[in-house]
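Heads up: the structure comes next, in structure tokens.
The values are calculated or read from the model by the stated rules, or taken from the named source; none is laboratory data. Small disclaimer: the values here were computed from a predicted structure and weren't measured. FYI the Cβ positions are ideal-geometry reconstructions off the backbone, even for glycines, and counts take in every protein chain you see. For accessibility, only protein heavy atoms count, side chains too; no ligands or nucleic acids. Shrake-Rupley method; radii C 1.70, N 1.55, O 1.52, S 1.80 Å.
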Protein chains: 2
Amino acid sequence: MPAPTTAEAATSSQPTAGNGVERLYSTDLASEIEFLTARARSLGSGRANNMLAELDLKVRSYSVLSLACSGQNPSQRELADFLSLDPSQIVALVDQLEKRGAVTREADPRDRRSKVIAPTAAGRRLYKRAEAIVQQASDHSLSALNEQERETLRDLLRRIAF
Amino acid sequence: MPAPTTAEAATSSQPTAGNGVERLYSTDLASEIEFLTARARSLGSGRANNMLAELDLKVRSYSVLSLACSGQNPSQRELADFLSLDPSQIVALVDQLEKRGAVTREADPRDRRSKVIAPTAAGRRLYKRAEAIVQQASDHSLSALNEQERETLRDLLRRIAF
DNA sequence: AAAATATGATTGACTTTTTCAATCATATGG
DNA sequence: CCATATGATTGAAAAAGTCAATCATATTTT
């Protein structure tokens, strides 16, 4: 087995824990922001998905539920645009949430083609629980950063994400 | 047609351009770091994939090629660990790159089960070109940030990505 | 107003990506 | 030597993403 180049301690999370991959930390790829973003997201949503499984939710369905509960009365089209998903994927996600009684499709008086996604009382309760879980997952994923650093990260990301 | 709530100008990129989704920018979801990370990555790798298409590469194959060219002589197992991919996905990626003559599988004298992925001369040339394209794509995706902010972002991401 | 055109939701087909279990060859620890 | 673990590979199945077509309703044009 090839010996690790630099003796890197297990400072942070537990992702590739134990593996002998530290050798690749020094590559060009490992310092590309795009790569780091992809990796951070993979780790983060992986953990969130695992933890949300206990509510039979995934990050996707959580996102839809969250927007439904936002008070902004999003239509399916808006959900698709905002979440960068195909409208047909929204149909499937809303179907699931509707089937379990968490949201309803309300007619939009302004445009009868459009369906506004609204939460039920049960949906709001579900969202409350899911929100707490996502918060926990996020706390775990971001444990290496203090509150100020998280705020900085949030701002920087917001500027490249919109 | 529902009128936009706040008149937000097209300050940044061109993602959800023109859409009336600005209303959702103020939701809780829109300020979750995990959500922003996912969105940034989706936009970034989307653009990179589009631009890499001219070399018949994707972000995935580019990453493998990049690590092959890193001088770190990664094995397939290491690529799988580092890229958080299933070993079978690495097989497919390396197959493609090998078929087009960009990399080879070299036997590892230390462990004859293991295959070290090495670039060919053509592979290095391909990587050079791909690197330039990815750099361009990245520049575009990160255009809202100055050099110092990019450095900050890189550091913060590195700390949560490893 | 009627006709033409555009848009939101939905469906279905199809491709790609992900995830898993099984297998073979080789290592490693007893 | 035996038992067990690991790297690469294959193949199957599940999930996610992409696209074109359709229906109902809006909007625009003539």
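For region A:65-74, state whether one or more residues are open to solvent by 40 Å² or more (accessible area, probe 1.4 Å) and of a type outside the set (Gly, Ala, Ser). Yes, region A:65-74 contains at least one residue that is open to solvent by 40 Å² or more (accessible area, probe 1.4 Å) and of a type outside the set (Gly, Ala, Ser). For B:Ser31, the conditions (1) facing chain A (nearest Cβ under 9 Å); (2) more than 14 Å from DNA strand C (Cβ to nearest atom); (3) open to solvent by 30 Å² or more (accessible area, probe 1.4 Å); (4) over 22 Å from B:Ser143 (Cα atoms) all hold with the exception of (4). In region B:127-149, the residue that is nearest to the other protein chains (Cβ to nearest Cβ) out of those that are open to solvent by 80 Å² or more (accessible area, probe 1.4 Å) and under 21 Å from B:Ser70 (Cβ atoms) is B:Gln135. Could you list all residues from region B:37-74 that are more than 11 Å from chain A (Cβ to nearest Cβ) and not in a helix (DSSP H, G or I)? Scanning region B:37-74 gives B:Asp56, B:Leu57, B:Lys58. So for region A:86-105 (the condition being in a helix (DSSP H, G or I), within 11 Å of DNA strand C (Cβ to nearest atom) and at the interface with chain B (Cβ under 10 Å from one of its Cβ atoms)), does at least one residue qualify? No: zero hits.
Scanning region A:122-141 for residues that are without any contact (Cβ under 8 Å) to a residue 60 or more places away in the chain and touching a Gly at 6+ places or on another chain (Cβ under 9 Å) yields a count of 2. Please go through region B:112-121 and pick out each residue that is open to solvent by 30 Å² or more (accessible area, probe 1.4 Å) and either in contact (Cβ under 8 Å) with a residue 24 or more places away in the chain or more than 7 Å from DNA strand D (Cβ to nearest atom) (or both). The answer is B:Arg112, B:Lys115, B:Thr120, B:Ala121.
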